[in-house]
1. If I filter the stretch A:28-39 for residues that are touching a residue at least 60 places away in the same chain (Cβ under 8 Å) and hydroxyl-bearing (Ser, Thr, Tyr), do I get at least one hit?
2. Quick one: count up the residues across the stretch A:127-180 that are more than 14 Å from chain B (Cβ to nearest Cβ) and not small (Gly, Ala, Ser).
3. Need at least 3 residues that are polar (S, T, N, Q) per element, so show me which helices (runs of 4 or more DSSP H) inside the stretch B:142-241 make the cut, counting only ones lying wholly within it.
4. Here are the criteria: (1) out of contact with any strand residue (DSSP E or B) (no Cβ under 9 Å at 6 or more places or on another chain); (2) within 8 Å of chain A (Cβ to nearest Cβ); (3) more than 20 Å from A:VAL125 (Cβ to Cβ); (4) not charged (D, E, K, R). Tell me which single one B:THR119 does not satisfy.
5. Sort out for me the strands (runs of 3 or more DSSP E) sitting completely within the stretch B:290-354 that have 3 or more residues that are of a type outside the set (A, V, I, L, M, F, W, C).
6. What about B:VAL211, is it open to solvent by less than 40 Å² (accessible area, probe 1.4 Å), touching a residue at least 40 places away in the same chain (Cβ under 8 Å) and within 19 Å of the chain's Cα centre (by Cα)?
7. Determine which member of the set A:ALA92, A:ALA105, A:ALA88 is in contact with an Asp or Glu (Cβ under 6 Å, 6 or more places away or on another chain) and either under 24 Å from B:GLN138 (Cα atoms) or away from every other protein chain (no Cβ under 14 Å) (or both).
8. Give me a count of the residues in the stretch B:49-95 that are touching a residue at least 24 places away in the same chain (Cβ under 8 Å), under 27 Å from the mean Cα position of the chain (by Cα) and either at the interface with chain A (Cβ under 10 Å from one of its Cβ atoms) or open to solvent by less than 40 Å² (accessible area, probe 1.4 Å) (or both).
Amino acid sequence: MDLSPIWISLRTAITATLITFFVGITAAWFMAGYKGFFKGLIDGVLNLPLVLPPTVVGFFLLLLFGRNGPIGKVLMALGTSVIFSWPATVIAAFVVAFPLMYKTARGAFEQIDGNVISAARTLGVSEWSIFWRITVPLAWPGIAAGTVLAFARALGEFGATLMIAGNIPGKTQTIPVAIFFAAEGGEMDKAFLWVLLIVGISLTAIMIMNYWSEVQRKFVTGGGRKKYGTFSGYKKEASGIQTGSEI
Amino acid sequence: MELLVDIRKKLPGFKLEARFETESGILGLLGASGSGKSMTLRCIAGLETPDEGRIVLNGRVLFDSGQGINLCSRNRKVGFLFQNYALFPHMTVEENIGFALKALTKQEIRQKVRDQIRTLHLEGLEYRYPSQLSGGQQQRVALARALAVNPEILLLDEPFSALDNYLRGQVERQLVEVLSGYHGAVVFVSHNMEEVYRVCSIVVILSEGKVAASGGKEQIFEKPPTLSAARLTGCKNIFSAKAVTPKCIKIEDWGCILHSDEPVSPNVSHVGIRAHHIGLAEDPGEINTFPCQVIDAREGPNTVTAYLKINDLGKSDHGYHLQWEISKEKWSEVALQSQPLLIRIKPENLIFMN
C-alpha cells in the first residue's frame, strides 16, 4: 500500500499550522486592538472560511491562483504555478485553518486584563517586549488551543484541497482525498485504514494539546489557593531554594 | 519635583477639565465615582490622551496639544499603582519586580530587586506567584515593581479599594511609611475622604470633571468653598441660603436666620453644617440656638446619627431638618433629656459656599 498520503498530509498540516500560527496571532493581535470603522467587516472576512462550504473556498482560491487570477498571473510571469502542486494543499489547508487560530487567539488576547498591559507600558518596556513577555504568555492557553484546532482542521481539509491541488498520488493526495477516492473505488478496507489513521492522529494531537494547555492555564492563573500552586510554580520554587535567587 | 496638569477631554456624559499643580508631597484627588479622577491619572501616565491641554512633570513636557507633544507611557517615567495591582500573573514576585530592569547587568538587577524586596518587607515571598499572595502583599509587590524603575512621580489609583476593612488600615500605614521615603511627587486618587485626609497633604476635589476645590487639606476640609466640595468632604447638612446682613444669613426653605461671627460674602448661595458640629445649648439666649425634636436615631458602631426636626419651621423634604452625629456616650445622656432639645450651632462652624 502506498503510504505517501500520510507524509503529504502531515507535511501539509504542519506547514499550514506553522504559517497559521504566526499569521493568525498577528491578525488576532491587530484586531484585538483595532477600533476602526471597518472592524466588523474585516472580522467577518477573516472568519468567512469557517462558515463557507470548502468548495466555495476552493473556488475563490482557483480564481486567485488560476491561470487568469491576479496571483496566478504573477506566478506565471515568474515561470511557476501552484495549482495542482503540493503548495496548493498548504494554501487550502492554511485558508480553512486560519479562522480557528485567529478566533481563539483573539478571544485569548481580549481576555487579558488591560491594566496588566498598561502597567508594563508605564514601566518603560517596549511594545515588542510586552507582546512576547506578557501578552503571548498570558494568552498561551488560547493560542495553544487555537493551534490544535488549526492543525486538526488543516489535517482534515478536503474540499478546497481537491479543487486546487487535485488528487495526484505521491504529490497532492492527502489522507482525506485518499479516503474519498478509495471509498468511491470500492476499496473499503483501504479507506477504513486511512480513516482509523486520521482519527488517531487528530485525537492524539487534541489530547496532548489539551493536557498541555491545562497545565499552562493553571500556570497563568497561578493554580488557585494551593500553597505551592502549580506543578511549574512548585518546580520554580523548589529550584529557587536550591540555587539561591535567580532571576 | 513638580507636576502641572491642565487638560480637557470629552467623556461620555461630561467634560473633564482638570487643572492643578503640585510640588513634592502627596496630592489627593478626591471625587465621587465617575468624576474623572481615574481618567485624569491615566492621562498623566499616558494611558489615555486628553483632547487638549498640557501636562508638565519636573520641567519635562509630557503632553502639549498646542505643540503636538505626546510622550508615550514608556518614556514618561511614571509609576502607576492600579486598583487591582495588575501584577504579571505568570511571574514570581522577584520576576515582577525585576521585569523592567533590563538595561542593567544581572548582578545589578538582582541587587535592585533585593533592595526593593527589603524596603517593602517582601522577604520570603520572592518565589511566590501573585495568586499566592494576600491583597496587601500584592499591593507591596506592585509598589516595589513601580518604584524599581525610579519614577519621577507615583500615581496611585484607589489603592485600598480592593482590600477588606481589616487590612485597609494596616496597608494604609505601610503605604504612607514607604511613601515617606520616596522623593518624587505622589498623586493619590480616592473616593474616600477620610483616606485622603489621612494620607495626603494637598487635596484637589473633582466633581463631574471639574476642580471644585483645591488647597491644603485642613483648609479644604474645614471650609470647603463650593457645594460639591462640601458634599465630598462629608458635610451632611447643606441648605441654600442668602446673606441678609453682612453677618446674618437666611436659610431660604425654612425662613430661619443663622448668625456668623465673620462677614459673609454677599454671593453666598449655600450654608453647610457638619453633623458633628451640632451641640447642646447651655443657655437659650445664645445665638444660633434652636428647639427641636428627635424624630429618628440610627446607631452606628461608634456614633449615633440623630435626625432632628426644628420646631416652628417649614416642612423639609426629608421629614427632618438636620442630621446630628454624636458619640454613643453623649447620646445616652441626650436620650434621657425631655424634648424639645435645645441645640446650638457655633457660628465659627458654619461653612459658606458661593
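The values are calculated or read from the model by the stated rules, or taken from the named source; none is laboratory data. Fair warning: this is a prediction, and the values are worked out from it, not measured in the lab. Methodologically, a virtual Cβ is constructed for each residue, glycine included, from the backbone with ideal geometry; neighbour enumeration extends over all protein chains shown. To get the accessible areas, we keep the full protein, side chains included, count just its heavy atoms, and leave off ligands, DNA and RNA. Shrake-Rupley method; radii C 1.70, N 1.55, O 1.52, S 1.80 Å.
1. Checked against the condition, which is being touching a residue at least 60 places away in the same chain (Cβ under 8 Å) and hydroxyl-bearing (Ser, Thr, Tyr), the stretch A:28-39 yields no hits at all.
2. 24
3. In the stretch B:142-241, the matching helices (runs of 4 or more DSSP H) lie at B:165-180.
4. So B:THR119 meets the others, but not (2).
5. B:303-310, B:322-327
6. Considered against the rule, which asks whether it is open to solvent by less than 40 Å² (accessible area, probe 1.4 Å), touching a residue at least 40 places away in the same chain (Cβ under 8 Å) and within 19 Å of the chain's Cα centre (by Cα), B:VAL211 comes out as no.
7. Within the list A:ALA92, A:ALA105, A:ALA88, the selection yields A:ALA92.
8. Result for the stretch B:49-95: 19.
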